[in-house]
Amino acid sequence: MEVGIDKIAFYTPKYYLDLVELAQARDVDPNKFTIGIGQDQQAVIPNYEDAVTMGVNAANQILTDDNRQSIGQLYFGTESGVDNSKSAAIFAAKLLNLSPYIRAMEVKEACYGGTFALMMARDYVKLHPDQKVLVLAADVARYGLDTPGEVTQGGGGIAMLVSAQPKLAVIEDESVFASRDVADFWRPVDRMAALVDGHLSTEIYKEMFADLWQRYQKQTQAEIGNFAAFAFHLPYTKMGKKALDEIIDQADEQQAERLLEALKASQAYARRVGNLYTGSLYLSLLSLLQQDAALQAGDRLALFSYGSGAEAELFTLKLQKDFKQIIAQQKVEEALDARQRLSVAEYEADFQKQLYDSSQNVESDYPKDSQDAVFTGWRDGQRI
Ligand code: CAA
């Protein structure tokens, strides 16, 4: 039986920072950010958004009264958990009005957590084909003001509905994965921003991709020409190019040109949003499906997921006959165009206004007329 992604949605807050302005404020050549790193804009996360609100606001775009009833599990991949004990999925299940008779679990392994959630969802649906699984992957990518990682911040949430006979893409059975203990990026429990050895993380990412591609080829006899496109976890868009460069010499000239065009399509949204950590690979997928007009039903895509620390997986999708109609329901460009640009000073002020102290009864700056899920503040140590 074929199982895969039936629907996908993306949500990001309504503020962004222009990275040419950030470069000027940091006294850096803007070409370093826009060409060297490959980022034009980044999402700014106000103090009334968090992983839960962004995951829920993505899910609300694809849930209907009908499909809500058939959700048997909710898996939430995040490395920006809002509680050291309670699962983000429990907050989300309540806000989404899901049945109480489900498993609602949070998964953590850096940016890889969303992929683990997706694979668990696929396996669950294979055993229970009458049910669907809601997968959420949402994060705030935060390194700190005036740090090397600052240009690679961002945030947002992805929601995917996993079902039998999916309308968008089948997740194929064969995949390859690996774990390695590496100190390339981590966040001790007393910190709100990540610690990172950025150059090491880029090297490990490339090494694990090249290694898993070789392993996948050995296992399946696949060739690069079997795939219409590759989509990557994009901590910054140049990372996708660095990864593809590891294997592009296996493609003939025409195929190489085509893969580079597809890569560009997959990078379009990440260029404007930045890193989503767990959701980043799936924003690349959404971007690829909406921006690459050459893709056809039946095409196979290879996806590479990387989580620092480190865990990686290479897996494949097969596009289904209605994928273009399903993907057209998502209005991502319109949502990105409608965002409000913040000055560097406004972004810096927002950065300092996060409400991390649960001992204070405080309200966030949430818009009182919002129709979306918002974090309103702390009351008696509880996150409201
Ligand atoms: N014009 C054009 N290009 C320029 C330039 C200019 N004026 N100045 C510099 N560049 C280029 C450099 O040549 C370099 O290109 P290559 O990488 O192709 O050689 C690029 O801009 C970046 O320059 P630096 O390496 O000097 O930049 P940096 O030291 O400031 O670090 C970074 C960049 C490592 C990405 C840093 O932003 C960082 O640490 N980011 C966070 C970590 C990260 O995203 N790691 C990715 C892999 S880990 C992962 O995937 C998990 C995750 O989500 C975190």
Note to self: I'm told Ala138 meets every condition in (1) away from the ligand (no atom under 11 Å from the Cβ); (2) more than 30 Å from Arg26 (Cα to Cα) except one. Can you identify the failing condition by its number?
What the structure shows: (2)
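In region 139-154, how many are of a type in the set (S, T, N, Q) and part of a loop (DSSP other than H, G, I, E, B)?
Looking only at that region, the number is 2.
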Next item on the list: Please name all residue pairs, on different chains or six or more residues apart, with Cβ atoms under 7 Å, provided the first residue is in region 114-141 and is farther than 23 Å from Arg187 by Cα and the second residue is among the hydrophobic types (A, V, I, L, M, F, W, C) and modelled with pLDDT under 95.
Entry: Lys126/Met1; Pro129/Met1
Next item on the list: Run down Gly279, Gly309, Gly298 and say which single residue is more than 23 Å from Arg122 (Cα to Cα), at pLDDT 95 or above and not in a strand (DSSP E or B).
Entry: Gly309
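Please state which one of Gly81, Gly77 is touching a residue at least 12 places away in the same chain (Cβ under 8 Å), closer than 26 Å to Ser358 by Cβ, touching a Ser or Thr at 6+ places or on another chain (Cβ under 9 Å) and surrounded by 24 or more Cβ atoms within 10 Å (Cβ to Cβ).
Residue meeting the stated conditions: Gly77.
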Check: Considering only residues of region 162-195 that are part of a strand (DSSP E or B) and either of a type in the set (Ser, Thr, Tyr) or buried (at least 21 other Cβ atoms within 10 Å of the Cβ) (or both), which is nearest to the ligand (Cβ to nearest atom)?
Finding: Phe185
Check: Take the residues of region 141-154 that are small (Gly, Ala, Ser) and touching a strand residue (DSSP E or B) at 6+ places or on another chain (Cβ under 6 Å): which is nearest to the ligand (Cβ to nearest atom)?
Finding: Gly149
Next item on the list: Exactly one condition in (1) of a type in the set (Asp, Glu); (2) within 20 Å of the chain's Cα centre (by Cα); (3) more than 25 Å from Gly274 (Cβ to Cβ) is not met by Asp66; state its number.
Entry: (2)
Checklist line | Per-region count, region 107-126, residues away from the ligand (no atom under 15 Å from the Cβ) and not β-branched (Val, Ile, Thr) | finding: 9
Check: Can you tell me which of Val332, Val362 is in contact with a Phe, Trp or Tyr (Cβ under 9 Å, 6 or more places away or on another chain), of a type in the set (Val, Ile, Thr) and surrounded by 21 or more Cβ atoms within 10 Å (Cβ to Cβ)?
Finding: Val332
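The values are calculated or read from the model by the stated rules, or taken from the named source; none is laboratory data. All figures in this text were calculated on a predicted structure; none of them were measured in a lab. Note that we place each Cβ from the backbone using ideal geometry, even for glycine, and neighbour counts take in every protein chain shown.
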